[in-house]
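The values are calculated or read from the model by the stated rules, or taken from the named source; none is laboratory data. Quantities reported herein were computed from a predicted structural model and do not represent experimental measurements. Here the Cβ positions follow ideal geometry from the backbone for every residue, glycine too, while neighbour counts run over all protein chains shown. Each accessible area value is taken on the protein alone, full model and side chains, heavy atoms only, with ligands, DNA and RNA left out. Shrake-Rupley method; radii C 1.70, N 1.55, O 1.52, S 1.80 Å.
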Amino acid sequence: MFRLTRWQWTTLLGLTLPPLFIVLANTWVVSSTQGRVFERPTDIPANAVGLVLGTAKYLPDGGLNPYFQNRMQAAAELYHTGKIRHLILSGSNQTPAYDEPTEMRKSLRSLGVPDAAMTADYAGRRTLDSVVRARDIFGQHHFTIISDKFHVYRALFLCDRFGIRAIAYGAPDLPWSGSVRTRLREYGARCKAVLDVYVLGTQPRFRGQPIALPVDAPAATDTPPIAPAVQK
């Protein structure tokens, strides 16, 4: 009967377990949240607050980032259709030259969203930080996540693990031909999310004083203005 040595068993497990974990973690993240991901404003329930997850406005080559454009268009669309009354713009501002929340505010302002309907969170350096800070700093336990469709599954998964009731609006995904690297990176990020909440006990890097949101303001009008299209 063929027997494996300890070294052979170690090698076999080392080659088998990581791919298995990737498959299981990604399946868990998506299957446990996909029923709460919406793609059309007419289908999604209304919430007082939307959490817009940040990304860079520009690509390394200087061109406009289509992920940024899609997220801003989605956020503006939800606001103008009355599905959201206030937006938390959560992103990183690691340097004066890199400020995601400020760029989001500028873009949304150009799409007709008033400043009074937006609050910036400059410490949303990761998805985990963004969702937990929405709860702990901004006092929100029920909100709508706005990001790319492939991204919102992980955000919802994190919300579930931190006791947040959330739904998500997924901006249209880019074609695979132009987003392979980003999508592959997301597979790894989902695995990291599982490890963060079940193994590492990761918490947001930055805390702070509570900030009240003006969510008692009147909802959007019944006949909202049409948001201008994003410049491609």
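Overview of results
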| quantity | calculated |
| --- | --- |
| Formal net charge of residues neighbouring Ile137 (Cβ-Cβ distance under 9 Å; K, R +1; D, E -1) | +1 |
| Share of alpha-carbon pairs per 5 Å distance bin for the chain, given as whole % | 1, 6, 14, 18, 19, 15, 11, 6, 3, 2, 2, 1, 1, 0, 0, 0 |
| Cα-centre dipole for the chain with unit charges at Cβ (Lys and Arg positive, Asp and Glu negative), debye to 20 | 720 |
| Around Leu51: net Lys/Arg minus Asp/Glu count, Cβ-Cβ under 12 Å | +1 |
| Residues of the range 149-181 with amide N under 20 Å of a point placed 7 Å along Cα→Cβ from Ile22 | 150-155, 176-181 |
| Probe 1.4 Å, protein heavy atoms only - accessible area per residue of the range 16-81 in square angstrom | 48 |
| Among Phe206, Phe162, Phe68: highest mean-square fluctuation, GNM of the chain, C-alpha pairs under 10 Å | Phe206 |
| Spin-label pair Thr81/Ser110, simplified geometry with 7 Å Cα→Cβ offset, distance in nm | 2.3 |
| Per residue accessible area of the range 108-215, 1.4 Å probe, in Å² | 45 |
| Approximate spin-label separation Asp61-Ala189, in nm, with each point projected 7 Å along Cα-to-Cβ | 2.1 |
| Charge context of Phe150, other residues only, Cβ under 14 angstrom, K/R +1, D/E -1 | +3 |
| GNM result for the chain, Cα springs below 10 Å: residue of Tyr187, Tyr58, Tyr79 fluctuating most strongly | Tyr58 |
| Pairs beyond 22 Å (Cα-Cα), from Lys83/Lys149; Lys106/Lys192; Lys83/Lys192 | Lys106/Lys192; Lys83/Lys192 |
| Rounded, prolate or oblate (a/c below 1.5 giving rounded, otherwise prolate when a/b exceeds b/c) for the range 139-213 by Cα gyration tensor | oblate |
